[in-house]
Amino acid sequence: MNKRIRSIRQLALTTSILTFSLSPRLWADTGAVSLTAGPLTTVPLTTAPLTAAEAAQATIVGTDEPFASDAVYFVLTDRFVDGDPANNYPAQGGQQPTFDQRLIGPDGRQANVGYLGGDFRGLLDNADYIRDMGFTAVWLTPIVDNPNEAFSGGDQVEFGGWGDRGKTGYHGYWGVNFYREDEHLVSARLGFRELTRQLQQQHGLKTVLDVVANHGSPSFDMPQDQPMFGEVYDAEGQLRADHQNLLPPQLTPEQEPLHAFFHAEGDPHTAQLSNFNEDNEALQDYLINAYLYWIDQGAAAFRIDTVKHMPHHFWKLFGDRIRQQHPGFFMFGESYNWEAEKLAEHTWPENGGMSVLDFAGRQAMVSVFENSDSHFASLLDYLHLDDGLYRNPYELMTFYDNHDMSRMNATEQGFIDANNWLFTSRGIPVVYYGSEVTFMAGTREHEGNRNYFGQQRIDAAPGHPVYQQLKQIARLRQQHVALQRGVQVNLDFQQHTASFLRVYQQGGVSETALVLLNKGDSPAPISVEPPVSGPWQRVTPACAADHCQPDVTAGRITTTLAPHSVMVLISSQPVSNPKWSQWRPEQDSGA
């Protein structure tokens with residue numbers, strides 16, 4: 001009888017040189033049992049090994065999520081490329097101007113809190129640049145209409161500091177009409193629908209849309225109430241809500257219909273932003289219908305802002321209603337938190353079942369790749385391959401740079417090492433615009449993190465060593481299902497070298513990738529005995545030195561890795577080693 005065990009905590013693998021564990025997302029369908037993912041339970045085990053025939057028929061996969069095959073390039077749209085100067089509106093804002101609002105720092109350094117011209121045209125004109133690097137999806141910051149003036153309330157924004165006074169909605173996160181594109185992004189005959197169509201059909205790029213449900217625009221503390229701030233408009237342009245420049249405790253949602261969308265108490269996390277009341281049914285309908293509209297316009301996935309500031313029951317409602325009309329629609333949330341336990345809460349179906357940006361992984365990656373004396377083993381703890389913390393760790397969005405924190409402050413070699421890891425280890429890789437050339441490395445928001453990239457830098461990027469290595473490893477991931485979906489099996493992690501497997505076996509397709517990494521400044525010898533039979537084919541570019549050609553003798557692979565390099569070897573043989581599974585579940589009556 002074919003039994004489906006909902007989950008297992010560990011599947012131990014034993015070879016002559018090591019013992020390690022597989023993820024709970026491993027399926028082993030031998031015709032006798034099926035091992036699948038789900039809430040962790042205790043499963044009685046026996047020591048009867050699988051036969052070679054059984055092992056060869058096993059299904060081994062990290063995730064079947066279609067989006068796992070993608071790699072994402074994250075663009076802060078206004079800061080990418082100005083493709084259409086006609087939508088810059090340099091005179092907009094009057095006494096509160098919105099264009100090119102510079103923050104001057106020491107030594108002539110600059111940041112900017114105004115619009116700088118990046119738009120849909122600039123993105124579309126450079127779609128091949130993104131695709132050629134090996135990316136298959138583009139994440140855009142919110143596209144919805146934002147206020148037409150700089151904010152006059154709050155603390156004054158300064159270089160290297162915080163505050164919102166003097167800032168504009170160039171980033172898109174201060175929505176006032178969630179059904180309308182911001183005028184700075186669109187061009188004649190190029191709105192969001194046409195952008196997504198051309199990106200997909202002509203360039204093979206999906207569009208990931210950044211969406212916000214937690215808040216609207218800055219809404220109070222202005223010397224005088226400014227138009228659009230604190231206001232919410234519907235698809236017909238009718239005013240639906242207005243904070244009226246009142247402090248949250250001054251709102252009266254029970255008496256004033258225009259206050260009903262907002263919480264009537266302050267929240268330190270939202271500063272002066274309007275704090276949406278997620279339990280208001282009219283607001284729920286407004287937001288969910290707006291984002292269903294953008295899916296109809298071509299959004300292929302959502303990145304969801306500030307999910308930790310809203311309760312799980314809202315995200316369950318949000319996810320259910322989106323997927324009711326678009327089954328399987330992929331969403332990942334931003335929960336700015338270093339604790340994996342907090343991140344993982346969002347991934348479970350009862351809390352909305354979204355993926356998340358792996359902030360715990362980001363913290364580990366930066367600590368390793370910024371520091372030359374770091375140890376590769378420091379990366380292991382964030383993976384959570386076999387403890388069931390996440391609903392599925394293989395579906396997490398992995399990254400080392402973004403727009404809300406300091407860019408990684410690494411050398412060129414550190415960026416190369418980070419990309420080699422990012423595109424071969426578990427998860428779906430995300431790269432922030434400009435990181436392919438170490439753009440503004442080490443800077444945070446208001447120090448240059450979000451500075452304008454521009455056509456000149458894009459044209460020069462192919463000559464940059466980080467770009468060149470990123471392109472190689474991103475394209476390699478694109479070509480090999482094991483690097484996209486395979487179970488990760490860690491072999492040996494030393495200070496400067498690491499080795500692990502990515503194993504995929506399903507539907508008649510068998511592919512195992514052996515990944516060997518060296519982040520050191522010197523050539524590094526490495527020898528491993530993977531519990532998977534060859535023959536092995538090297539798929540990374542050959543090196544010039546004879547000593548770095550892999551030698552395979554009696555199942556052991558020995559080579560020397562060049563400094564700051566990756567070597568990937570592929571076996572297309574089914575997993576047939578009986579040692580592959582030393583344990584299998586007993587037949588029982590469990591579901």
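The values are calculated or read from the model by the stated rules, or taken from the named source; none is laboratory data. It should be emphasised that the depicted structure is a prediction, and the values quoted were computed from it without experimental measurement. For neighbour counting, all protein chains shown are included, and Cβ atoms are generated from backbone atoms with ideal geometry for every residue, glycine included. SASA here: full protein model, heavy atoms, side chains in, ligands and nucleic acids out. Shrake-Rupley method; radii C 1.70, N 1.55, O 1.52, S 1.80 Å.
Listing for the model above:
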| read-out | value |
| --- | --- |
| Matching entry among Arg193, Arg197, Arg180 (being touching a residue at least 24 places away in the same chain (Cβ under 8 Å), closer than 27 Å to Val356 by Cα, open to solvent by 10 Å² or more (accessible area, probe 1.4 Å) and in a strand (DSSP E or B)) | Arg180 |
| Helices (runs of 4 or more DSSP H) wholly inside region 259-363 containing at least 1 residues that are among the hydroxyl-bearing types (Ser, Thr, Tyr) | 281-296 |
| Members of region 350-373 that are farther than 18 Å from Phe318 by Cα, surrounded by fewer than 19 Cβ atoms within 10 Å (Cβ to Cβ) and not acidic (Asp, Glu) | Gln363, Ser367, Asn371, Ser372 |
| Index of the failed condition, Tyr390 passing every other in (1) within 25 Å of Gly448 (Cβ to Cβ); (2) touching a Leu at 6+ places or on another chain (Cβ under 9 Å); (3) of a type in the set (Ser, Thr, Tyr) | (1) |
| Residue check for Arg485: closer than 16 Å to Ser69 by Cα, surrounded by fewer than 18 Cβ atoms within 10 Å (Cβ to Cβ) and of a type outside the set (S, T, N, Q) | no |
| Close pairs from region 439-457: first within 13 Å of Leu76 (Cβ to Cβ) and at pLDDT 95 or above, partner assigned to a loop (DSSP other than H, G, I, E, B) and basic (Lys, Arg), Cβ under 7 Å, at least 6 apart | Met440/Arg407; Gly448/Arg109; Asn449/Arg407 |
| Residue satisfying condition, being under 24 Å from Lys167 (Cα atoms) and touching a strand residue (DSSP E or B) at 6+ places or on another chain (Cβ under 9 Å), within set Ala271, Ala235 | Ala271 |
| Within region 447-475, considering residues that are open to solvent by 10 Å² or more (accessible area, probe 1.4 Å), assigned to a helix (DSSP H, G or I) and in contact with a strand residue (DSSP E or B) (Cβ under 9 Å, 6 or more places away or on another chain), the one farthest from Gly414 (Cα to Cα) | Gln472 |
| Members of region 418-446 found to be open to solvent by less than 10 Å² (accessible area, probe 1.4 Å) and of a type in the set (D, E, K, R), listed by number | Arg426, Glu436 |
| Residue among Val532, Val515 that is under 28 Å from the mean Cα position of the chain (by Cα) and either at pLDDT below 95 or at negative phi (or both) | Val515 |
| Given (1) open to solvent by less than 60 Å² (accessible area, probe 1.4 Å); (2) modelled with pLDDT of 95 or more, index of the condition Gln479 fails | (1) |
| Hits in region 146-167 - residues which are within 17 Å of Glu447 (Cβ to Cβ) and part of a loop (DSSP other than H, G, I, E, B) | Asp155, Val157, Glu158, Phe159, Gly160, Gly161, Trp162, Gly163, Asp164, Gly166, Lys167 |
| Within region 339-392, tally of residues that are without any contact (Cβ under 8 Å) to a residue 40 or more places away in the chain, of a type in the set (Gly, Ala, Ser) and under 29 Å from Ser565 (Cβ atoms) | 4 |
| Scope region 82-115; condition hydrophobic (A, V, I, L, M, F, W, C) and in contact with a Gly (Cβ under 9 Å, 6 or more places away or on another chain); matching residues | Phe99, Leu103, Ala111, Val113 |
| Residue match in region 310-317 (condition: open to solvent by less than 10 Å² (accessible area, probe 1.4 Å), touching an Asp or Glu at 6+ places or on another chain (Cβ under 8 Å) and more than 20 Å from Trp174 (Cβ to Cβ)) | yes |
| Lone qualifier among Val211, Val138 - being touching an Asp or Glu at 6+ places or on another chain (Cβ under 9 Å) and closer than 23 Å to Arg450 by Cα | Val211 |
| Region 318-338 - residue that is open to solvent by less than 50 Å² (accessible area, probe 1.4 Å), free of Cβ contacts under 8 Å to residues at least 60 places away in the same chain and hydrophobic (A, V, I, L, M, F, W, C) and, of those, farthest from His269 (Cα to Cα) | Phe329 |
| Residue within region 123-131 that is open to solvent by 20 Å² or more (accessible area, probe 1.4 Å) and assigned to a loop (DSSP other than H, G, I, E, B) present | no |
| Any hit, region 94-114, residues being more than 21 Å from the chain's Cα centre (by Cα), hydrophobic (A, V, I, L, M, F, W, C) and part of a helix (DSSP H, G or I) | no |
| Qualifying positions in region 213-253 - within 21 Å of Tyr291 (Cα to Cα), in a loop (DSSP other than H, G, I, E, B) and open to solvent by 10 Å² or more (accessible area, probe 1.4 Å) | Met228, Asp234, Ala235, Glu236, Gly237, Gln238 |
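Residue by residue, here is whether (1) open to solvent by 60 Å² or more (accessible area, probe 1.4 Å); (2) modelled with pLDDT of 95 or more; (3) part of a helix (DSSP H, G or I) holds:
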residue: Leu13; (1), (2), (3): no, no, no
residue: Arg25; (1), (2), (3): no, no, no
residue: Ala28; (1), (2), (3): no, no, no
residue: Ser34; (1), (2), (3): no, no, no
residue: Pro49; (1), (2), (3): yes, no, no
residue: Thr63; (1), (2), (3): no, yes, no
residue: Val81; (1), (2), (3): no, yes, no
residue: Ala86; (1), (2), (3): yes, yes, yes
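Residue-wise test of (1) farther than 27 Å from Thr411 by Cβ; (2) in a loop (DSSP other than H, G, I, E, B); (3) touching a helix residue (DSSP H, G or I) at 6+ places or on another chain (Cβ under 6 Å).
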site: Gln495; (1), (2), (3): no, yes, no
site: Ala498; (1), (2), (3): no, no, yes
site: Tyr504; (1), (2), (3): yes, no, yes
site: Asp521; (1), (2), (3): no, yes, no
site: Pro525; (1), (2), (3): no, no, no
site: Val532; (1), (2), (3): yes, yes, no
